[in-house]
Structure formats: structure tokens, C-alpha cells
């Protein structure tokens, strides 16, 4: 009777395959977590941009000035509608929202003045006019010295256009 040889993988072959799979999984997880962190920061910047644009749009369409509140210490933004003398307001016509998890408002520049704490306001006139506004957001888990940890939102006074600028601090 002829002997049948059983073909199987050796222990070395199995260990090599497992090692390659482990390395591949590690690279994939690192890439995914890095991607997720950048998406959270960009999404938070988009929330700030959307709030600024809503205030401008409401001021024009409702013919009433609006004021955006940016709370640096609590990382929140909201919009109040003002009367024409700016003495009374309808509070939170755009509800208070957090900029996002694991993201903080690092600083705000309104005109030529930079703020790093407190609650700051940006007024939108009925003609859509507003000052230059720059909001720098930082990912909390990121390296504060690295531009990769920042995203800026810039609102231009002339056009009212708001831009999200990833991986930048202005």
C-alpha cells in the first residue's frame, strides 16, 4: 500500500501569516483613528461656520440684526436676534451647540483683536455686514505645536463668505 502524505502548514508558516496580519491590522487601525480625529475637527469647524452663516442669513432675510455668541471657555456657540436699537433680543434663535467632542476653541480674532477666553460676540447687520472673524479650533488629543491639530474658520467682512481651513491656525 502506498503511503499517503498529508499536506499541512508548518508552525513557521502559520506564525508568519499571523505576524503579517497583525501588522496590517495595526496600520489600518492607526490610519482609521487618524482619519477619525481629522473628521471630528473638520466637522466642528463646519458647525461654527454654519452658525456664522445662519446669523448672517437671518439678519438679511428678517431685516433684523443678529448676534453670534462664542463661548471660548465652554466651547459653545449660539445666535440671538436683536431689535434695531440692539437693546433687546430674542434669545437663542439658533440654539446653543457645542463645537464638538474632543475639540476646543483655541482663540477668536474679531477685527484686529484676539481673545483666548470668555464669551465673545459677533454682530451681523441687516445688510449682511460683519467684521473679520477668525475662529481657531484645536483637537484636544493633538500636539499643540503641530498645525495638524488645528482648523480655522474665517469669515470675510466684505463678502460674508466663511471658509473652513483644515490643518491651519490663523
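Just so you know, all these numbers are worked out from the coordinates, no wet-lab data involved. What you see is a predicted model; the values in this text were computed from it and never measured. A quick note on method: Cβ atoms are made from the backbone with ideal geometry, for glycine too, and the neighbour counts reach across all protein chains shown.
The table for this structure:
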quantity	calculated
Evaluation of residue 30 against (1) in a helix (DSSP H, G or I); (2) touching a strand residue (DSSP E or B) at 6+ places or on another chain (Cβ under 6 Å); (3) closer than 26 Å to residue 138 by Cβ (one fails), failing number	(2)
Residue in region 78-96 that is free of Cβ contacts under 8 Å to residues at least 40 places away in the same chain and at positive phi present	yes
Selected residue (criterion: surrounded by the fewest Cβ atoms within 10 Å (Cβ to Cβ)) from residues of region 1-56 that are without any contact (Cβ under 8 Å) to a residue 12 or more places away in the chain and either within 30 Å of residue 157 (Cα to Cα) or in contact with a helix residue (DSSP H, G or I) (Cβ under 6 Å, 6 or more places away or on another chain) (or both)	39
Candidate set: region 66-112, residues that are more than 17 Å from residue 134 (Cα to Cα) and within 14 Å of the chain's Cα centre (by Cα); chosen: the one surrounded by the most Cβ atoms within 10 Å (Cβ to Cβ)	100
Search result, residues across region 106-131 that are without any contact (Cβ under 8 Å) to a residue 40 or more places away in the chain and either in contact with a helix residue (DSSP H, G or I) (Cβ under 8 Å, 6 or more places away or on another chain) or on the phi > 0 side of the Ramachandran plot (or both)	111
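Condition check ((1) under 30 Å from residue 33 (Cα atoms); (2) part of a loop (DSSP other than H, G, I, E, B); (3) out of contact with any strand residue (DSSP E or B) (no Cβ under 6 Å at 6 or more places or on another chain)) across all residues:
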{"residue": "52", "(1), (2), (3)": "yes, no, no"}
{"residue": "56", "(1), (2), (3)": "no, no, no"}
{"residue": "59", "(1), (2), (3)": "no, no, no"}
{"residue": "70", "(1), (2), (3)": "yes, no, no"}
{"residue": "74", "(1), (2), (3)": "yes, yes, yes"}
{"residue": "86", "(1), (2), (3)": "no, yes, yes"}
{"residue": "93", "(1), (2), (3)": "no, no, no"}
{"residue": "96", "(1), (2), (3)": "yes, no, no"}
